[in-house]
Amino acid sequence: MIRSAPRPDLGAIVWSRLDDDLSVATRDGDFAGYIDRRSTGAFFVFDRDARHVGTFAQIGAARAALGECVRPVRTPLPRRSPSSALSQLAAHAAHILRKRT
């Protein structure tokens with residue numbers, strides 16, 4: 001796992017690489033978004049609600065963009081059960097697979 005540099009108002013983002021083309025981000029244990037590398041080599045960044053954040057040529061820039069749009073700690077997010085978080089991740093993965101076909 002790769003930790004990004006935390007901003008003072010945010011916890012550290014932890015990156016998990018699920019396969020060669022897909023990295024998922026969490027912050028304080030909550031799903032924060034993902035990066036999908038396309039066949040063109042471009043990195044497409046999506047937030048926790050699968051909204052497109054931007055497209056980048058370098059993975060570092062893609063990670064930084066997601067780090068900038070993650071909600072601050074002072075705005076509490078509803079806590080989810082592990083099964084709910086896994087369901088959300090599965091829905092995002094299905095969304096990615098639909099876009100690739």
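Overview of values
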| read-out | value |
| --- | --- |
| Total residues in the stretch 12-30, condition touching a Ser or Thr at 6+ places or on another chain (Cβ under 7 Å) and open to solvent by 70 Å² or more (accessible area, probe 1.4 Å) | 1 |
| Qualifying residues in the stretch 45-70 (those that are open to solvent by less than 50 Å² (accessible area, probe 1.4 Å) and aliphatic (A, V, I, L, M)) - the one nearest to Ile35 (Cα to Cα) | Val45 |
| Search result, residues across the stretch 7-62 that are of a type outside the set (Ser, Thr, Tyr), part of a strand (DSSP E or B) and farther than 16 Å from Lys99 by Cβ | Ile13, Val14, Trp15, Arg17, Ala25, Arg27, Asp30, Phe31, Ala32, Phe56 |
| Check on Gly33, modelled with pLDDT of 75 or more and surrounded by fewer than 17 Cβ atoms within 10 Å (Cβ to Cβ) | no |
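The values are calculated or read from the model by the stated rules, or taken from the named source; none is laboratory data. What you are looking at is a predicted structure, and each value in this text was computed from that prediction instead of being measured. For neighbour counting, all protein chains shown are included, and Cβ atoms are generated from backbone atoms with ideal geometry for every residue, glycine included. Surface areas here come from the heavy atoms of the whole protein model, side chains and all, with no ligands, DNA or RNA. Shrake-Rupley method; radii C 1.70, N 1.55, O 1.52, S 1.80 Å.
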